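To start, the structure itself, in structure tokens.
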Amino acid sequence: MAKYGKPVKDMRLRPGMTVGELVAQMDGACGFTSKAIADGVDVLEAMVKDTKCVRFLSFPACINATGLRGVIRDLVKERFFDAVITTCGTLDHDLARAWKDYYHGDFELDDRMLHKKGVNRLGNVLVPNDSYGIVLEKKLQPILQSMYDEGKRSQSTSEFVRYLGEHVDDDNSIIHWAAKNKVPVFVPGITDGSVGSQVWTFRQTHRDFTVDVFKDEDELAGMVFGTKTTGALIIGGGISKHHTIWWNQFKDGLDYAVYLTTAMEHDGSLSGARVKEAISWGKVKEKARTVNIDGEATAILPLMVAALLDRLR
């Protein structure tokens with residue numbers, strides 16, 4: 001006789017139920033993505049409660065142009081993670097939104113018209129030039145000069161971001177809380193964004209000023225070598241995802257891994273690669289607790305983090 005899992009149960013929604021109760025019902029309902037969300041919260045809970053685990057948080061820049069920036073900020077503020085690996089655009093959006101507003105838009109707006117008006121479209125979020133490149137240049141050049149005047153010539157990206165975070169007085173900022181809680185933020189693609197361009201511009205008149213990515217690799221090596229247990233919440237893909245799993249192969253792979261992505265695996269892309277593929281490379285352990293969630297982060301991650309907070313508190 002075939003062996004089955006738990007019976008599928010119908011969800012019972014009621015007024016006033018907590019997000020934690022809702023996600024618990026998703027587990028019992030055992031339906032498609034809802035089951036993966038519930039499993040993902042289980043893995044995150046185990047990872048956060050594992051006091052011997054070094055935890056990595058990886059995500060791309062685009063989500064920080066939305067309100068999801070506040071959820072990422074809370075994960076750093078609550079010290080759920082020991083290190084962040086992300087892209088330069090995260091610095092762009094986090095800093096720009098500390099000083100200026102982004103606005104609601106629509107996917108179907110006329111992009112030619114927006115360009116004429118000096119407005120950039122990021123999906124259905126509108127980013128005026130005044131709220132992005134212009135304000136970043138105005139605010140960052142004096143900070144870079146202060147950095148230089150203090151004798152800082154060659155820094156890792158984590159040291160560079162820590163300095164920026166210490167000079168941004170905004171409780172909504174991710175890097176503000178990372179600096180406050182001494183959580184290193186690694187940006188392996190530091191030149192691929194507006195902040196990186198500002199550093200390049202500054203360097204035209206300060207040729208001995210540089211960002212040394214190899215110093216980051218030394219710090220990451222110190223985090224993984226000799227560490228028995230590591231875990232990661234990996235949102236999206238790209239360089240931040242790969243840098244996270246790449247370094248964890250040097251300790252025989254992650255022990256916990258939660259992937260959240262909209263990408264498909266059939267084109268061989270890293271962004272769409274499932275956790276099981278990383279096992280073949282030794283980037284995730286064969287017996288690791290893992291889950292792959294197919295879905296868009298701005299819709300799913302708030303649900304997962306709210307349920308996680310319910311459980312932990």
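The values are calculated or read from the model by the stated rules, or taken from the named source; none is laboratory data. What you are looking at is a predicted structure, and each value in this text was computed from that prediction instead of being measured. In this analysis, Cβ positions are derived from the backbone assuming ideal geometry, glycine residues included, and neighbour counts consider all displayed protein chains.
Among the residues of the range 231-250, those identified as closer than 12 Å to residue 284 by Cα and crowded, with 20+ Cβ neighbours inside 10 Å are 231, 232, 244, 245, 247, 248.
If the condition is being polar (S, T, N, Q) and buried (at least 18 other Cβ atoms within 10 Å of the Cβ), then the range 258-270 contributes only 261.
Note on the range 271-287: residues that are within 18 Å of residue 235 (Cβ to Cβ) and either surrounded by fewer than 17 Cβ atoms within 10 Å (Cβ to Cβ) or over 18 Å from the mean Cα position of the chain (by Cα) (or both) amount to 5.
Filter the range 233-247 for residues that are in contact (Cβ under 8 Å) with a residue 40 or more places away in the chain and either under 19 Å from residue 222 (Cα atoms) or outside any loop (DSSP other than H, G, I, E, B) (or both) and give the result.
Narrowing the range 233-247 to residues in contact (Cβ under 8 Å) with a residue 40 or more places away in the chain: 233-241, 243-244.
Correct list: 233, 234, 235, 238, 239, 240, 241, 243, 244.
Determine whether the range 224-233 contains at least one residue that is over 21 Å from the mean Cα position of the chain (by Cα), hydroxyl-bearing (Ser, Thr, Tyr) and at pLDDT below 95. So far as the range 224-233 goes, yes, one or more of its residues are over 21 Å from the mean Cα position of the chain (by Cα), hydroxyl-bearing (Ser, Thr, Tyr) and at pLDDT below 95. Looking only at residues of the range 94-145 that are of a type in the set (Val, Ile, Thr) and touching a strand residue (DSSP E or B) at 6+ places or on another chain (Cβ under 9 Å), we find that the one that is nearest to residue 69 (Cα to Cα) is 125. Residue 120 satisfies every condition listed in (1) in contact with a Phe, Trp or Tyr (Cβ under 7 Å, 6 or more places away or on another chain); (2) among the polar types (S, T, N, Q); (3) assigned to a helix (DSSP H, G or I) except (3). Among the residues here, residue 220 qualifies as touching a residue at least 24 places away in the same chain (Cβ under 8 Å), part of a helix (DSSP H, G or I) and aliphatic (A, V, I, L, M). If we keep just the residues of the range 71-115 that are within 11 Å of the chain's Cα centre (by Cα) and not in a helix (DSSP H, G or I), which is farthest from residue 241 (Cα to Cα)? Looking at the filtered set, the residue picked out is 81. For the range 279-300, a residue qualifies if it is within 16 Å of residue 263 (Cα to Cα) and assigned to a helix (DSSP H, G or I), and the qualifying residues are 297, 298, 299, 300.
Filtering the range 200-214 to residues that are in contact (Cβ under 8 Å) with a residue 60 or more places away in the chain and buried (at least 16 other Cβ atoms within 10 Å of the Cβ) leaves 202, 209. When each of 229, 210 is tested for being in contact with a strand residue (DSSP E or B) (Cβ under 9 Å, 6 or more places away or on another chain), among the polar types (S, T, N, Q) and more than 18 Å from residue 56 (Cα to Cα), the lone residue that passes is 210. Criterion applied to 43, 54 was being within 15 Å of residue 312 (Cβ to Cβ) and under 26 Å from the mean Cα position of the chain (by Cα), and the one residue passing it is 43.
Scan the range 253-272 and give yes if some residue there is among the β-branched types (Val, Ile, Thr), outside any strand (DSSP E or B) and within 25 Å of residue 65 (Cα to Cα), otherwise no. So far as the range 253-272 goes, yes, one or more of its residues are among the β-branched types (Val, Ile, Thr), outside any strand (DSSP E or B) and within 25 Å of residue 65 (Cα to Cα). Residues in the range 248-266 that are among the hydrophobic types (A, V, I, L, M, F, W, C) and touching a residue at least 12 places away in the same chain (Cβ under 8 Å): 250, 254, 257, 258, 260, 263.
For the range 164-179, a tally of residues being surrounded by fewer than 19 Cβ atoms within 10 Å (Cβ to Cβ) and within 21 Å of residue 215 (Cα to Cα) returns 1.
The single condition from (1) out of contact with any Ser or Thr (no Cβ under 6 Å at 6 or more places or on another chain); (2) crowded, with 19+ Cβ neighbours inside 10 Å; (3) part of a helix (DSSP H, G or I) that residue 26 fails is (1).
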